[in-house]
Each structure stands twice: as structure tokens, then as C-alpha cells.
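Undergrad: One structure coming up, written as C-alpha cells, with questions to follow.
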Amino acid sequence: MSHINLSKEDFEKLLVKQFQIIYRDLNGDPRKTCMGRGLEINNGWFNILYDLSVKLEAIADEQSLHLKNNPEYDGADTRIVFAQIKEKFGALRVYINNWPEDRKQIEDLVRMAEQQSSIMCEICGEPGKTRSGVWMLTLCDKHHEENQRRIAMEQARYAWNYDLFTIRHKFLSRVDFESDHVEPWDQMKWEDLPVELQDLLAPRLKAVINALLIDSFKKERK
Ligand SMILES: [Zn+2]
């Protein structure tokens with residue numbers, strides 16, 4: 001059964017219900033456990049995490065039996081527990097507390113899950129690739145394209161805001177924007193701008209317009 005379409009909240013509820021030992025700190029006090037922040041991954045990896053949880057909870061169940069049968073048991077809960085579940089460098093990253101002496105079995109399971117995530121889109125779970133950039137993300141082609149477009153829009157918007165700032169402070173500093181009697185600079189025509197400013201703005205404007213056109217074109221096609 002796939003869990004990809006569940007909301008993060010519902011998926012967390014399911015995990016806590018089905019894997020009561022290893023998720024016992026989920027949504028706990030954020031000052032005591034990183035699990036207080038909840039799952040820090042997107043839906044595409046929910047199934048990987050679920051499968052890993054099945055195996056780890058089984059190990060934790062065995063630990064419960066050992067504790068119960070240990071005459072020296074002092075009441076401390078030494079069973080494995082998730083300490084943090086997040087995305088790092090484009091892959092699932094899982095931290096565990098209360099490692100048993102023999103770590104290998106758990107390490108292998110965790111490593112396998114992390115490797116699986118590095119070729120699976122974090123958004124939708126389809127086959128993906130780890131894309132480099134400011135943030136490394138593992139995405140399918142469709143979500144990579146969407147992400148690139150979003151970044152281009154953000155950069156264009158940032159450049160545009162910078163340009164507006166420049167216009168106000170460098171080229172139009174003589175205008176008092178607070179006063180009622182200013183020349184309404186936003187009604188200025190392109191030809192009114194100094195050539196120096198036109199040169200600065202033209203490529204930026206082109207980038208903004210292109211980004212907007214691509215965006216509306218994609219929306220129309222849907
Ligand atoms: Zn995807």
C-alpha cells in the first residue's frame with residue numbers, strides 16, 4: 001500500500017500508531033528531541049520510510065522481549081528510537097538513538113533506505129536524480145523543471161526588486177516619495193529613463209517577462 005498521498009500529519013499519526021516503539025518521540029518536546037519537529041521530508045519518500053519502520057520496529061519488539069526477560073532490568077527504555085528524520089544532500093537521512101552493541105543490522109537497513117531515496121523524487125516518489133544547486137534535491141524530471149522555473153522566477157523577482165531600489169535611490173533620489181507633490185515616477189515612460197538605466201533594466205525585464213510567459217504558457221497547456 002502506498003502512503004505517498006497522505007498528508008504529513010496523517011502519515012505521522014499512522015506511524016505513531018503502527019510503530020509505537022521507534023516513533024515514541026515523534027512530535028515530542030522539541031527542546032529534548034529533533035523528532036519534535038516531526039518528519040522533515042516530503043511525500044515521495046514516505047513509502048521508503050514506512051518499509052524501514054516495519055523492519056526497525058520488529059527489532060525494537062525483540063528488544064522489548066529481552067528487557068522483559070532480563071532480571072537486572074532497571075526500567076530504563078534502552079530500545080531504539082528515531083532521533084531525527086530529514087532530507088540532507090538530496091537523500092533521506094535518519095538518526096537513531098539507543099544503538100545496540102551490534103549495530104550492523106540496523107546500519108545496513110538505514111543505509112539501504114538512504115540509498116533508495118537518492119534515486120527517488122522526494123516530491124512524488126517517481127524515479128529521480130540528485131540535482132545539484134544551492135540545495136541538492138533528488139527530483140524527477142517534471143519536478144526538477146518546476147523547481148528550476150520557481151528558482152528562475154525568484155531570481156528574476158529579486159533582480160527586479162533590486163532594480164526598483166536602484167531606480168529610487170540612485171536615479172530618482174531627487175524625488176521625495178513621502179510628499180504629496182512628487183512627480184509620479186511610476187507613470188514614467190520607458191523613454192524618460194536615462195539610457196544608463198535602460199541598459200541596466202532591459203535584460204532584467206526580459207528575464208522577468210520570459211519567466212512570466214513560460215509560466216502562463218505552462219498553465220494554459222494543463
Ligand atoms: Zn517528482
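The values are calculated or read from the model by the stated rules, or taken from the named source; none is laboratory data. Because the structure is predicted, anything quoted here is derived from the model rather than measured. Cβ atoms come from the backbone with ideal geometry, glycine included; neighbour counts cover every protein chain shown.
Undergrad: Does segment 132-147 hold any residues that are within 8 Å of the ligand (Cβ to nearest atom) and closer than 14 Å to Glu87 by Cβ, and which are they?
TA: Result: Leu139, His143.
Undergrad: In segment 121-131, what residues are near the ligand (Cβ under 10 Å from one of its atoms) and either in contact with a helix residue (DSSP H, G or I) (Cβ under 6 Å, 6 or more places away or on another chain) or at positive phi (or both)?
TA: Cys121, Glu122, Ile123, Cys124, Gly125
Undergrad: Continuing with the same structure: Tell me yes or no: at least one residue of segment 65-85 is within 16 Å of the ligand (Cβ to nearest atom) and within 13 Å of Ser117 (Cα to Cα).
TA: For segment 65-85, residues within 16 Å of the ligand (Cβ to nearest atom) and within 13 Å of Ser117 (Cα to Cα): absent.
Undergrad: Same structure, new question: Kindly list, by first and then second residue, each pair from a residue in segment 65-77 that is under 20 Å from Asn97 (Cβ atoms) to a residue that is of a type in the set (Phe, Trp, Tyr), limited to pairs with Cβ atoms under 8 Å and residues at least 6 apart or on different chains.
TA: Short answer, once both residue conditions are applied: Leu67/Tyr73.
Undergrad: Within segment 2-35, track down each residue that is under 17 Å from the mean Cα position of the chain (by Cα) and modelled with pLDDT under 95.
TA: As a first pass, look at segment 2-35 and keep what is under 17 Å from the mean Cα position of the chain (by Cα): 4-9, 11-12, 34-35.
Within segment 2-35, Cys34 is the sole residue that qualifies.
Undergrad: Here's a check for you: in segment 117-161, which residue that is out of contact with any Ser or Thr (no Cβ under 8 Å at 6 or more places or on another chain), of a type in the set (Lys, Arg) and touching a residue at least 24 places away in the same chain (Cβ under 8 Å) is farthest from Gly44 (Cα to Cα)? Break it down into steps so the answer makes sense when it comes.
TA: Kept after step one, since they are out of contact with any Ser or Thr (no Cβ under 8 Å at 6 or more places or on another chain), are these residues of segment 117-161: 123-124, 126-127, 132-135, 139-161.
From what is left, the residues that are of a type in the set (Lys, Arg) are 142, 149-150, 157.
Within this subset, residues satisfying the condition of being touching a residue at least 24 places away in the same chain (Cβ under 8 Å) are 149, 157.
Working: Arg149: 20, Arg157: 29 Å.
Out of the qualifying residues, it is Arg157.
Undergrad: Right, next: Can you confirm whether segment 150-168 contains a residue that is within 16 Å of the ligand (Cβ to nearest atom), outside any helix (DSSP H, G or I) and modelled with pLDDT of 80 or more?
TA: Scanning segment 150-168, I find no residue that is within 16 Å of the ligand (Cβ to nearest atom), outside any helix (DSSP H, G or I) and modelled with pLDDT of 80 or more, so the answer is no.
Undergrad: How many residues are hydrophobic (A, V, I, L, M, F, W, C) and either over 25 Å from Gly28 (Cβ atoms) or touching a Gly at 6+ places or on another chain (Cβ under 6 Å) (or both) if we restrict to segment 71-112?
TA: 2
Undergrad: Looking at Glu114, is it assigned by TED's automatic domain parsing to the domain that holds Gln198 and either without any contact (Cβ under 8 Å) to a residue 40 or more places away in the chain or loosely packed, with under 13 Cβ neighbours inside 10 Å (or both)? Write out each step before concluding.
TA: On the way: assigned by TED's automatic domain parsing to the domain that holds Gln198: no; either without any contact (Cβ under 8 Å) to a residue 40 or more places away in the chain or loosely packed, with under 13 Cβ neighbours inside 10 Å (or both): yes.
No: the conditions fail for Glu114.
Undergrad: Is it the case, given these coordinates, that Arg103 is within 16 Å of the chain's Cα centre (by Cα), away from the ligand (no atom under 16 Å from the Cβ), of a type in the set (Lys, Arg) and closer than 30 Å to Val16 by Cβ? Lay out the reasoning, then the answer.
TA: Working: within 16 Å of the chain's Cα centre (by Cα): no; away from the ligand (no atom under 16 Å from the Cβ): yes; of a type in the set (Lys, Arg): yes; closer than 30 Å to Val16 by Cβ: yes.
No; evaluated as a whole, the condition is false for this residue.
Undergrad: Confirm whether Met1 is assigned to a loop (DSSP other than H, G, I, E, B) and either of a type in the set (A, V, I, L, M, F, W, C) or touching a strand residue (DSSP E or B) at 6+ places or on another chain (Cβ under 9 Å) (or both).
TA: On the way: assigned to a loop (DSSP other than H, G, I, E, B): yes; either of a type in the set (A, V, I, L, M, F, W, C) or touching a strand residue (DSSP E or B) at 6+ places or on another chain (Cβ under 9 Å) (or both): yes.
Taking the combined requirement at face value, the residue satisfies it.
Undergrad: When segment 26-57 is examined, which residues are found to be over 15 Å from His3 (Cβ atoms) and in contact (Cβ under 8 Å) with a residue 60 or more places away in the chain?
TA: Cys34
Undergrad: Of all residues in segment 96-111 being under 14 Å from Phe82 (Cα atoms) and not charged (D, E, K, R), which is surrounded by the fewest Cβ atoms within 10 Å (Cβ to Cβ)?
TA: Just the residues of segment 96-111 that are under 14 Å from Phe82 (Cα atoms), to begin with: 96-100, 106-107, 109-110.
From what is left, the residues that are not charged (D, E, K, R) are 96-100, 106, 109-110.
Values: Ile96: 17, Asn97: 14, Asn98: 14, Trp99: 11, Pro100: 15, Ile106: 18, Leu109: 17, Val110: 19.
Among those residues, the one meeting the criterion is Trp99.
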